[in-house]
Amino acid sequence: MRLAMRLDPKPAWSLATSWLAAILVIAGLAAASAPAGAASFQPLEIVTKNGVQVFSVEVATTEQEKQTGLMYRKELADGKGMLFDFNPEQEVSMWMKNTYVSLDMIFIRADGRILRIAENTEPLSTKIISSQGPARAVLEVAAGTAQKYGIRPGDRVGHPLFGSK
């Protein structure tokens, strides 16, 4: 006599869904720890007395991208940065909360001219850093960049946000 065994599919399905849920949680945690921000890089040029300096920047346009910015990142390579679009031109305030790397914040007017530079900002600080005038955008680059390349207020920024490159 042969006994037919029939397995109840519910325990196997429950185990499979538990594994799937665990994989999704792990994938979600990995994505959350990845740098947030714009998906692609765009070229940006700054014309200084010393010549043209070219940067590769992420552009933060959504509220979420602007709120997160460069937070949680442990490094920012030379020549890289993030450009925050605050259209229309307005008084802009930034801070360094949850930002581990010191930055130079370059405040840019709607015409593409640099309004102000806040150099060597303090990591993790909640101190408010103001544009001190109307700005269309803010470019964040590694601390020391403005000094290294001779970037000064009045220099021109070339990028499509300002009607150029």
For this session: Rank these residues by their accessible area, most exposed first, probe 1.4 Å: 55, 41, 86.
Result: 41, 86, 55
Exercise. Is the shape of region 55-112 rounded, prolate or oblate, going by the alpha carbon gyration tensor and its root eigenvalues a ≥ b ≥ c, with a/c under 1.5 for rounded and a/b larger than b/c for prolate?
Worked result: prolate
Exercise. Which net charge results when you count Lys and Arg as +1 and Asp and Glu as -1 among the other residues whose beta-carbon is under 9 Å from that of residue 99?
Worked result: +1
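Using the Cβ atoms and a cut-off under 14 Å, what net charge is assigned to the surroundings of residue 60, where Lys and Arg are +1 and Asp and Glu are -1?
After counting each charged neighbour, the total is -1.
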For this session: Give a residue-ordered list of calculated ³J(HN,Hα) values for region 48-63 (Karplus: 6.51 cos²θ - 1.76 cosθ + 1.60, θ = phi - 60°; whole Hz; x for Gly, Pro).
Result: 10, 4, 8, x, 9, 9, 10, 10, 10, 10, 7, 10, 9, 10, 7, 4
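The values are calculated or read from the model by the stated rules, or taken from the named source; none is laboratory data. Since the model is a prediction, treat every value here as computed from it, not as a measurement. Note: ideal-geometry Cβ built from the backbone for every residue, glycine included; neighbour counts use all protein chains shown. The protein model used for the area step is the full one, side chains on, heavy atoms only, and it has no ligands, DNA or RNA in it. Shrake-Rupley method; radii C 1.70, N 1.55, O 1.52, S 1.80 Å.
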